[in-house]
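Readers should treat all values here as calculations from the given coordinates under stated rules, not as data from a laboratory. Given the structure is predicted, the values throughout are model-derived calculations rather than measurements. Cβ placement follows ideal geometry from the backbone for every residue including glycine, while neighbour counts extend to all protein chains displayed.
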Amino acid sequence: DGGITQSPKYLFRKEGQNVTLSCEQNLNHDAMYWYRQDPGQGLRLIYYSQIVNDFQKGDIAEGYSVSREKKESFPLTVTSAQKNPTAFYLCAVLLGTVKAFFGQGTRLTVV
Amino acid sequence: AQKVTQAQTEISVVEKEDVTLDCVYETRDTTYYLFWYKQPPSGELVFLIRRNSFDEQNEISGRYSWNFQKSTSSFNFTITASQVVDSAVYFCALSEANAGGTSYGKLTFGQGTILTVHP
C-alpha cells in the first residue's frame, strides 16, 4: 500500500524537551516537506528536502531541525528553542511535478 | 512574496444548497500553480484540484467546479447541492514554478474556510 506514514499521531512534550516526529514514505519520490498548522492560520512551511542529504529552510524553520539520510524518511525534530511548539504537523511528498500528497499528521502538545 | 487570502473564515449552509468558497492570490511569478485541498476532521489534506497559470478553463468534477480568473487573481471553488459529507476545512494554495516550469512543491496556503453543511 503506497503512502505516507506519520507517527505518532499524538505527542506530548514537556517544556525544554526535544521531540522527533517521524515521516516515512514508500512512494519513491524525492521531494518531502514539513508543514505546521495552527488554528486560523493555514499551513506554513518549516523545512523541505528535494534530494537525499540535502534540505532547505522554509518560512518558519527556527526551533526545528531535520535530516534526510535516506529517501524514504524525513524526520522533524522540535527543539527546546521552539517557543510555541503546540500545533498540528503535516508531512508531504511531491508526486510527479506538481501534486503534494499529505500524511495524516501529528498533533503535538506541550504539557 | 506570495500570498493567498480566503476571506471567508466559516460558512454554514443547509444540505442541497450551493456554496462558493473564495480564494484570491498574489504572486509576481508568471508561471505558478493553484490548488484546492480538503481537510476532513481526520486531519489529512485531500487533494482536489491543481490548475496552472496558463490554463484559465473552468473545470467541473461532479458536484465540484472551479472558476479561475487571472484578471482578478481569483480561483473560486463551488460545491453544488452540498452534502453533509462536504463539511470540512478547505484550503486554497499557491505554488511557484521553477525554471523548468514545474512546481517546487512549496505551497503557500490561505487561512482556510470551515464549511459546515447541516442536514
Practice item. Among the residues of region A:73-94, count how many are surrounded by fewer than 16 Cβ atoms within 10 Å (Cβ to Cβ) and not hydroxyl-bearing (Ser, Thr, Tyr). Key: 3
Check your understanding: If you scan region B:32-63, which residues turn out to be surrounded by fewer than 19 Cβ atoms within 10 Å (Cβ to Cβ), out of contact with any helix residue (DSSP H, G or I) (no Cβ under 9 Å at 6 or more places or on another chain) and either of a type in the set (Ser, Thr, Tyr) or closer than 22 Å to B:Ile11 by Cα (or both)?
Key -> B:Pro41, B:Ser42, B:Gly43, B:Glu44, B:Val46, B:Phe47, B:Leu48, B:Ile49, B:Ile60, B:Ser61, B:Gly62
**Study point:** Subset of region A:15-32 (residues that are in contact with a Phe, Trp or Tyr (Cβ under 9 Å, 6 or more places away or on another chain), within 14 Å of chain B (Cβ to nearest Cβ) and either more than 18 Å from A:Arg107 (Cβ to Cβ) or acidic (Asp, Glu) (or both))
**Key:** A:Gln25, A:Leu27, A:His29, A:Ala31, A:Met32
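Determine whether B:Val19 is within 12 Å of another protein chain (Cβ to nearest Cβ) and either among the polar types (S, T, N, Q) or surrounded by 12 or more Cβ atoms within 10 Å (Cβ to Cβ) (or both). Can you show your working first?
Numbers: within 12 Å of another protein chain (Cβ to nearest Cβ): no; either among the polar types (S, T, N, Q) or surrounded by 12 or more Cβ atoms within 10 Å (Cβ to Cβ) (or both): yes.
So B:Val19 does not fit the description; no.
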Practice item. Check off (1) of a type in the set (Phe, Trp, Tyr); (2) free of Cβ contacts under 8 Å to residues at least 60 places away in the same chain; (3) more than 10 Å from every other protein chain (Cβ to nearest Cβ); (4) farther than 30 Å from B:Ile11 by Cα for A:Phe12 and give me the number that stays unchecked. Key: (2)
Check your understanding: Out of (1) facing chain B (nearest Cβ under 10 Å); (2) in a loop (DSSP other than H, G, I, E, B); (3) not hydrophobic (A, V, I, L, M, F, W, C), the odd one out for A:Gln50 is which?
Key -> (2)
Exercise for review: Collect the residues in region B:25-78 that are of a type in the set (Lys, Arg) and either assigned to a loop (DSSP other than H, G, I, E, B) or away from chain A (no Cβ under 14 Å) (or both), keeping them in residue-number order.
Suggested key: B:Arg28, B:Arg63, B:Lys70
